[in-house]
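**Q** Here it is, the structure in full.
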Amino acid sequence: MSGDLLSTSIEFLKGVGPARAELLKKELGIFTFNDLLHYFPFRYVDRSQFIKVSEISSDSAYVQVKGRVTGLKTVGEGRGKRLTGFLQDGSGSIELVWFQGIKWVAQKIKPNLDYVVFGKPSYFSGRYNFAHPDVEAVVDIEAGPEATLQPVYNSSEKLKTRGLDGRAFARLTKSLVSQIENQIHETLSAEIITRLKFISRQDAIINIHHPKDQTLLNKSLARLKFEELFFIQLILLKQKFIRTTSVQGHIFKVVGDQFNDFYKNHLPFELTDAQKRVIREIRIDMGSGKQMNRLLQGDVGSGKTLVALMCMLIAIDNGFQAAIMAPTEILAQQHFATLSKFLGDLDLNIALLTGSSKSKARKLLHQQLEDGSLNILIGTHALIEDKVKFNNLGLVVIDEQHRFGVEQRAKMWKKNTLPPHVLVMTATPIPRTLAMTVYGDLDVSVIDELPPGRKPVQTLHYFDSKRPQLFGFMKRQIAEGRQVYVVYPLIHESETLDLKDLTDGYESIVRSFPLPEYAVSIVHGQMKTDQKDWEMQRFVKGETNIMVATTVIEVGVDVPNASVMVIENAERFGLSQLHQLRGRVGRGADQSFCILMTSYKLTSDGRKRIDTMVETNNGFEISEVDMKLRGPGDMHGTQQSGVLEMQLADIIRDEKILKFARNLATEILADDPVLQKPKNAVLAGRLHHLQKYKYDWSRIS
Ligand code: ADP
Ligand code: MG
């Protein structure tokens, strides 16, 4: 086998040449034969299926019609310039229209020849037409490949003007695959191929371009999708194996006095079974001698803070210090207050460090950190600074991880000679399939249960016209002693405009809820920290009834007496944000409400988001819908990872293949962790190649 042919410059493929090669490189990143071979069709046309013009209806998707093209003419001027014509097939006639590439199309279509028109009919001024259909002479098709499934490739406008439309691509790949006999290396081991009854990589590549039939196309897709998902899993799991075997961790041998005393004498309520289970998982990890890297997922209000505290107590029992890092100053303060309250009169030294800590307090704190007399440090990213040195840091808890970058996390690793254990907490549920790919090398614990006695938040959707009813409802709730949040989105490019929306809203609320009967707080991102805190504290203490805010309050704030969350312009928020905001209420004993205000104008996605919120409180269901609406690439934490750059596989549609691939990767690595057995040599080779050329895996935590 030789790789030479495949690494030939694309310029030398028959029908390409220097000019087109230049464009292929620029527009599509196709430099070599091999690159073109991996430029897959995005769909196939079944050339044996035609319909009549008279059969076209509103639900015809892509269809093929055969007939004569008549009355071709250019009309309009400038931007309105277009080429129009009609296709007649005896049953009727349908208009064809092109706005771009006019010259080229006009040149290509000759009178008195039969054409096949392929496209998606659209309905316009009372009749159907085809905009930008593919048109090909019947004689060309008949002279072409005999297979009935024809590949359709994405092209670009520039390539089209150079004569490289989707069909021309098909001719190029046809000529290419006919030359590549025995050039394509196998990437899966013989064992896997036999066991899963896969076709060879070579056959898969040939048939994904020019399938002999539907069965072979399906087999190609199955094999190539599997392969994409399988190697990602193999890389992630192998990485995890290396981390857990080569990075030593502090061994927390005992569960000692602090933990036991707290558990027996200070815990104000019974832990939920889920909390007990995750504490056990974490304890086992921290006792294993390996460094823990664990993701703790739990819906808002599921009690993650308490889990974190109990794990920190284990660290302290073993002679270590612990730290908890929060994304905002308000949250850090709240953690400090919560933990101080929980710990009560326990003989522990805990401290708060944020950007606004005074230098005198800082000095003392640094000293206590270094001499080891400080047990727990709570703070913002101020903890990361180099001058913050610990005597013996054993556990770092990172709250709401998506606010922190991988690099910042890595800095915490360096705070001790042996890296501390790391527990990352998130209330943004991650769909299982996404967790498997993006966080595939982290261990995951899930709190899938809320503390007992919580009444699920009731969610309602109001159009803006119902604002008087909304205000009436707010007044009744306030009369019962409850507090209300009113949240505005950040929607404009300019902060000043956002602020205007917020202040307009604030003023209208102040008019409807006047002093002295009511008091209204306002918090937004452009306020000074101490001013923000002061307003926040007034609301926390119950001195104000209504908190008007931007999404700064999204994460973590805990005011159990607040029972109403009003979200203005709710259609502008993403699902996970809506869910986070709703989680701010429903923390006390009272029935809570989340009211989504929208205008009448809703996009279908906007509608779906609102409906989902009204229908369910389950964070995992919400995250699944979110991923389907937005696509996995737009979810939290995925942007930087590169693991979702798949050509064929889709972690939503191909969930079954993904799970299968993960299981198989696990099984293979259990038997041969670093892939050194001869039977796995092919896999090891492929892995090496992918890591070298495709993925920069160091980007993944
Ligand atoms: P989150 O997971 O969103 O960070 P918190 O840790 O803030 O949730 O917990 C939410 C509330 O539930 C807090 O007031 C906390 O004291 C309370 N809580 C935690 N665990 C329990 C439990 N097992 N039983 C009753 N209340 C609990
Ligand atoms: Mg929390």
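The values are calculated or read from the model by the stated rules, or taken from the named source; none is laboratory data. These numbers were taken from a predicted model, which means no experiment stands behind them. Here the Cβ is made from the backbone with ideal geometry for all residues, glycine too, and neighbour counts use every protein chain on show.
**Q** Do we find that ALA308 is among the aliphatic types (A, V, I, L, M) and away from ligand 2 (no atom under 14 Å from the Cβ) in this structure?
**A** On the way: among the aliphatic types (A, V, I, L, M): yes; away from ligand 2 (no atom under 14 Å from the Cβ): no.
So ALA308 fails the test.
**Q** If you don't mind, there's one more thing I want to ask. Can you tell me which residue among LYS341, LYS389, LYS358, LYS363 is without any contact (Cβ under 8 Å) to a residue 60 or more places away in the chain, in contact with a helix residue (DSSP H, G or I) (Cβ under 6 Å, 6 or more places away or on another chain) and among the basic types (Lys, Arg)?
**A** LYS389
**Q** Among residues belonging to the stretch 560-593 that are among the aliphatic types (A, V, I, L, M) and assigned to a helix (DSSP H, G or I), point out the one that is farthest from PHE471 (Cα to Cα). Even if it seems obvious, please write down each step before you answer.
**A** Going residue by residue through the stretch 560-593, those that are among the aliphatic types (A, V, I, L, M) are 562, 564-567, 570, 575, 578, 581, 585, 589.
Those still in the list that are assigned to a helix (DSSP H, G or I) too: 570, 575, 578, 581.
On the way: ALA570: 17, LEU575: 25, LEU578: 21, LEU581: 19 Å.
Among those that are among the aliphatic types (A, V, I, L, M) and assigned to a helix (DSSP H, G or I), it is LEU575.
**Q** Out of PHE390, PHE336, report the one residue that is over 30 Å from ARG582 (Cβ atoms), surrounded by 20 or more Cβ atoms within 10 Å (Cβ to Cβ) and out of contact with any His (no Cβ under 8 Å at 6 or more places or on another chain).
**A** Working: PHE336 fails: over 30 Å from ARG582 (Cβ atoms).
The conditions single out PHE390.
**Q** Separate question: Among the residues of the stretch 43-61 satisfying the criterion of being under 24 Å from LYS212 (Cβ atoms) and surrounded by fewer than 14 Cβ atoms within 10 Å (Cβ to Cβ), which is modelled with the highest pLDDT?
**A** Here the answer is ARG43.
Residues are listed down the side, and each one gets a yes or a no for (1) charged (D, E, K, R); (2) within 16 Å of ligand 2 (Cβ to nearest atom); (3) farther than 30 Å from GLU624 by Cα; (4) within 23 Å of the chain's Cα centre (by Cα):
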{"residue": "THR503", "(1), (2), (3), (4)": "no, no, yes, no"}
{"residue": "GLU517", "(1), (2), (3), (4)": "yes, no, yes, no"}
{"residue": "GLU571", "(1), (2), (3), (4)": "yes, no, no, yes"}
{"residue": "PHE593", "(1), (2), (3), (4)": "no, no, no, no"}
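**Q** In addition: Within the set of pairs 6+ apart or on separate chains, which have a first residue in the stretch 452-469 that is farther than 17 Å from ARG607 by Cα and touching a residue at least 60 places away in the same chain (Cβ under 8 Å), a second that is assigned to a helix (DSSP H, G or I) and within 16 Å of ligand 1 (Cβ to nearest atom), and C-beta atoms under 7 Å apart?
**A** Matching pairs, first to second residue: VAL457/ARG582.
**Q** Within the stretch 597-616, is even one residue within 16 Å of ligand 1 (Cβ to nearest atom) and either in a loop (DSSP other than H, G, I, E, B) or touching a residue at least 12 places away in the same chain (Cβ under 8 Å) (or both)?
**A** Initial filter on the stretch 597-616 (within 16 Å of ligand 1 (Cβ to nearest atom)): none.
So far as the stretch 597-616 goes, no, none of its residues is within 16 Å of ligand 1 (Cβ to nearest atom) and either in a loop (DSSP other than H, G, I, E, B) or touching a residue at least 12 places away in the same chain (Cβ under 8 Å) (or both).
**Q** Need pairs with beta-carbon distance below 6 Å; first residue over 17 Å from GLU270 (Cβ atoms) and outside any helix (DSSP H, G or I) and within the stretch 288-315, second within 10 Å of ligand 2 (Cβ to nearest atom) and among the polar types (S, T, N, Q); sequence gap 6+ or separate chains.
**A** GLN297/THR426
**Q** While we're here: Could you list all residues from the stretch 524-543 that are buried (at least 21 other Cβ atoms within 10 Å of the Cβ), touching a residue at least 24 places away in the same chain (Cβ under 8 Å) and within 26 Å of ALA589 (Cα to Cα)?
**A** Within the stretch 524-543, MET536, PHE539 qualify.
**Q** Could we say that GLY166 is over 36 Å from the mean Cα position of the chain (by Cα) and modelled with pLDDT under 80 here?
**A** On the way: over 36 Å from the mean Cα position of the chain (by Cα): no; modelled with pLDDT under 80: yes.
Against the criterion (over 36 Å from the mean Cα position of the chain (by Cα) and modelled with pLDDT under 80), GLY166 does not qualify.
**Q** Does the stretch 262-277 hold any residues that are surrounded by 17 or more Cβ atoms within 10 Å (Cβ to Cβ) and within 11 Å of ligand 1 (Cβ to nearest atom), and which are they?
**A** Passing the criteria: LEU271, THR272, ALA274, GLN275.
**Q** Can you confirm whether the stretch 366-381 contains a residue that is surrounded by 21 or more Cβ atoms within 10 Å (Cβ to Cβ), within 16 Å of ligand 2 (Cβ to nearest atom), more than 30 Å from GLN233 (Cβ to Cβ) and among the small types (Gly, Ala, Ser)?
**A** Looking through the stretch 366-381, at least one residue is surrounded by 21 or more Cβ atoms within 10 Å (Cβ to Cβ), within 16 Å of ligand 2 (Cβ to nearest atom), more than 30 Å from GLN233 (Cβ to Cβ) and among the small types (Gly, Ala, Ser).
**Q** Which of the residues belonging to the stretch 481-500 are without any contact (Cβ under 8 Å) to a residue 40 or more places away in the chain and not small (Gly, Ala, Ser)?
**A** Just the residues of the stretch 481-500 that are without any contact (Cβ under 8 Å) to a residue 40 or more places away in the chain, to begin with: 492-497, 499-500.
Correct list: HIS492, GLU493, GLU495, THR496, LEU497, LEU499, LYS500.
**Q** Still on this structure: Which residue is surrounded by the most Cβ atoms within 10 Å (Cβ to Cβ), if the candidates are limited to the stretch 202-261 and must be among the charged types (D, E, K, R) and under 33 Å from the mean Cα position of the chain (by Cα)? Explain how you work it out, then say what you get.
**A** Just the residues of the stretch 202-261 that are among the charged types (D, E, K, R), to begin with: 203, 212-213, 219, 223, 225, 227-228, 238, 240, 243, 253, 257, 261.
Checking which are under 33 Å from the mean Cα position of the chain (by Cα) leaves us with 219, 223, 225, 227-228, 238, 240, 243.
Details: LYS219: 18, ARG223: 24, LYS225: 20, GLU227: 21, GLU228: 18, LYS238: 22, LYS240: 16, ARG243: 14.
Out of the qualifying residues, it is ARG223.
**Q** What is the one condition in (1) buried (at least 18 other Cβ atoms within 10 Å of the Cβ); (2) in contact with a strand residue (DSSP E or B) (Cβ under 7 Å, 6 or more places away or on another chain) that LYS73 does not satisfy?
**A** (1) is the only condition that LYS73 fails.
**Q** What's the total number of residues in the stretch 182-212 that are assigned to a loop (DSSP other than H, G, I, E, B) and among the β-branched types (Val, Ile, Thr)?
**A** Residues of the stretch 182-212 that are assigned to a loop (DSSP other than H, G, I, E, B), as a first pass: 182-189, 197-200, 210-212.
This time we only want the ones that are among the β-branched types (Val, Ile, Thr), so: 184, 187, 199.
Looking only at that region, the number is 3.
**Q** How many residues are surrounded by fewer than 17 Cβ atoms within 10 Å (Cβ to Cβ) and in a loop (DSSP other than H, G, I, E, B) when one looks only at the stretch 164-181?
**A** Qualifying residue count, the stretch 164-181: 4.
**Q** Quick one: which helices (runs of 4 or more DSSP H) lie wholly within the stretch 430-527 and hold at least 2 residues that are over 30 Å from ILE652 (Cβ atoms)? Step through it out loud before you land on a result.
**A** Details: elements: 432-438, 467-479, 495-512.
Once the helices (runs of 4 or more DSSP H) in the stretch 430-527 are filtered for at least 2 residues that are over 30 Å from ILE652 (Cβ atoms), what remains is 467-479, 495-512.
**Q** Which pairs do you get when a residue that is more than 17 Å from GLU186 (Cα to Cα), found in the stretch 669-682, comes within reach of a residue that is part of a helix (DSSP H, G or I) and at pLDDT 95 or above, reach meaning Cβ atoms under 6 angstrom, with the pair 6+ apart or on two chains?
**A** Qualifying pairs under 6 Å: ASP672/ASN680.
**Q** Mind listing just one residue for me: the one in the stretch 287-322 that is away from ligand 1 (no atom under 16 Å from the Cβ) and polar (S, T, N, Q) and, of those, surrounded by the fewest Cβ atoms within 10 Å (Cβ to Cβ)?
**A** This residue is SER288.
**Q** Something else now. Mind listing whichever residues of the stretch 22-50 are outside any loop (DSSP other than H, G, I, E, B) and more than 16 Å from ALA170 (Cα to Cα)? So that I can check it myself, show each step before the final result.
**A** Of all residues in the stretch 22-50, those outside any loop (DSSP other than H, G, I, E, B) come to 22-28, 32-37, 43-46.
If the condition is that a residue be outside any loop (DSSP other than H, G, I, E, B) and more than 16 Å from ALA170 (Cα to Cα), then GLU22, LEU23, LYS25, LYS26, GLU27, THR32 are the ones that fit.
**Q** So, one more: Since ILE284 meets every condition but one in (1) within 13 Å of ligand 1 (Cβ to nearest atom); (2) at pLDDT 90 or above; (3) outside any strand (DSSP E or B), which condition does it not meet?
**A** If we test ILE284 against (1) within 13 Å of ligand 1 (Cβ to nearest atom); (2) at pLDDT 90 or above; (3) outside any strand (DSSP E or B), just (1) comes out false.
**Q** Still on this structure: Residues of the stretch 325-365 being among the aliphatic types (A, V, I, L, M) and either over 16 Å from THR380 (Cβ atoms) or in a helix (DSSP H, G or I) (or both), which ones? Before you say what the answer is, go through the steps one by one.
**A** Taking the stretch 325-365 first, the residues among the aliphatic types (A, V, I, L, M) are 325-326, 330-332, 337, 339, 343, 346, 348, 350-353, 361, 364-365.
Listed by number, the residues that qualify are ILE330, LEU331, ALA332, ALA337, LEU339, LEU343, LEU346, LEU348, ALA361, LEU364, LEU365.
**Q** Across the stretch 278-305, which residue is nearest to ligand 2 (Cβ to nearest atom) among those that are of a type in the set (Lys, Arg) and under 24 Å from GLY619 (Cα atoms)?
**A** Taking the candidates together, the pick is LYS304.
**Q** Say whether the condition of being closer than 30 Å to VAL585 by Cβ and either within 13 Å of ligand 1 (Cβ to nearest atom) or part of a loop (DSSP other than H, G, I, E, B) (or both) is met by at least one residue in the stretch 244-257. Break it down stepwise before answering.
**A** Let us first name the residues in the stretch 244-257 that are closer than 30 Å to VAL585 by Cβ, namely none.
The answer is no, given that none of the residues of the stretch 244-257 is closer than 30 Å to VAL585 by Cβ and either within 13 Å of ligand 1 (Cβ to nearest atom) or part of a loop (DSSP other than H, G, I, E, B) (or both).
**Q** Please count how many residues of the stretch 584-620 are over 27 Å from ALA435 (Cα atoms), charged (D, E, K, R) and surrounded by 19 or more Cβ atoms within 10 Å (Cβ to Cβ).
**A** Matching residues across the stretch 584-620 total 1.
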